[in-house]
């Protein structure tokens, strides 16, 4: 039997998007309309404007070729020099979240943040822990039972600005502990530099969903089910387990790794590697793939849980 996180539908679409961006409604330099046009021009299919502490309602900006996902980013705790941010994404409307209004916790504590996150999850939000490395978070500080669907493993803005955007080790540690989390990638762009300047924080980290159609409903369904990969460049076309073998198909890369549980891994190296098929070791609790191209850009699949 074939097992994968990718949607198995011959009519499914691959859609590229940025789940994390900021506009003039918080601390960004572009308006929501300017942000949409910039991403549409650069070949993206969807975008979430996730202003700090503010829900920017962008539903009317969706058109036949470009989809706006709703959301915001919440300052959730700030102690011991940590600045923890939690992301909330949804399809259309969420009870108790009014359009174009300021949102905040009653108090900025971990307990208040967790309570709010659980409530929002129950209302239908996709809840994500943002940029753990930038926030100086250790995986041990996040309990096994937590409200998050995902953790942001690529944050291009903080990587470009401060070399702190790689959350993949944090994610790996959570997975090793048996915590089931998807891994997403985003820009977290504020556009303090011109959009195509070498110091621009846009168009560097992205999430690609495999969805039934271009609707916000289908894109959110793909996020909830893990039908996506995240990347800074390479493309992943398929990843699945079948008959005790794991398969990866990707754009030309130099390295493909199959990651298991703890140190159970296998790899394939070469100049233009586009596929890797290998036997499972038999003791894996999960498998996932990482690929790297000649420029050092990486892409990550979500885990396939084998238990």
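Give the angle, between 0 and 90 degrees and rounded to the nearest 10, that separates the Cα long axis of helix 32-41 from the longest principal axis of the Cα atoms of the chain. In the chain, helix 32-41 runs at an angle near 30 degrees to the longest axis. The stretch between residue 244 and residue 75 holds 56.5 nm of extra length on full extension. This uses 0.36 nm per residue minus the Cα-Cα distance.
Beta bridges per DSSP, both residues in region 13-232: antiparallel share near 65 percent.
Note on residue 42 and residue 95: their simple-model spin labels are 3.8 nm apart, each label 7 Å out from Cα toward Cβ. Spatially, region 46-94 and region 168-215 are offset by 13 Å when compared through their Cα centroids.
Among 118, 300, 229, 148, sorting on how many other beta-carbon atoms sit within 10 Å of each Cβ, with the fewest leading, yields 118, 148, 300, 229. Return one number: the angle in degrees, 0 to 90 and rounded to the nearest 10, between the long axis of the Cα atoms of helix 216-225 and the longest principal axis of the Cα atoms of the chain. Between helix and principal axis, roughly 50 degrees.
Could you tell me how many degrees, from 0 to 90 and to the nearest 10, lie between the Cα long axis of helix 110-122 and the main elongation axis, the longest principal axis, of the Cα atoms of the chain? So the inclination is approximately 80 degrees.
Model label sites at residue 266 and residue 307, defined 7 Å from Cα along the beta-carbon direction, differ in position by 2.2 nm. If R0 is 25 Å, the Cβ-Cβ spacing of residue 251 and residue 173 corresponds to a FRET efficiency of close to 0.35. Between residue 112 and residue 24, the FRET efficiency from the beta-carbon distance, with R0 = 45 Å, is close to 0.95. Per residue of the chain, the DSSP helices (runs of n ≥ 4 H) give a summed -39500 (n - 2.57) that works out to -4500 deg cm²/dmol at 222 nm. Computing FRET efficiency as 1/(1 + (r/R0)^6) for residue 277 and residue 104, where r is the C-beta to C-beta distance and R0 is 41 Å, gives about 0.25. Taking other Cβ atoms within 10 Å as a rough exposure proxy, 125, 29 sort from fewest to most as 29, 125.
Normalised by 2.2 N^0.38 Å, where N is the number of residues, the C-alpha radius of gyration of the chain stands at 0.96.
Throughout, read-outs are computed from the coordinates displayed, never taken from laboratory work. Please read all numbers here as calculations on a predicted model, not as lab measurements. Note: ideal-geometry Cβ built from the backbone for every residue, glycine included; neighbour counts use all protein chains shown.
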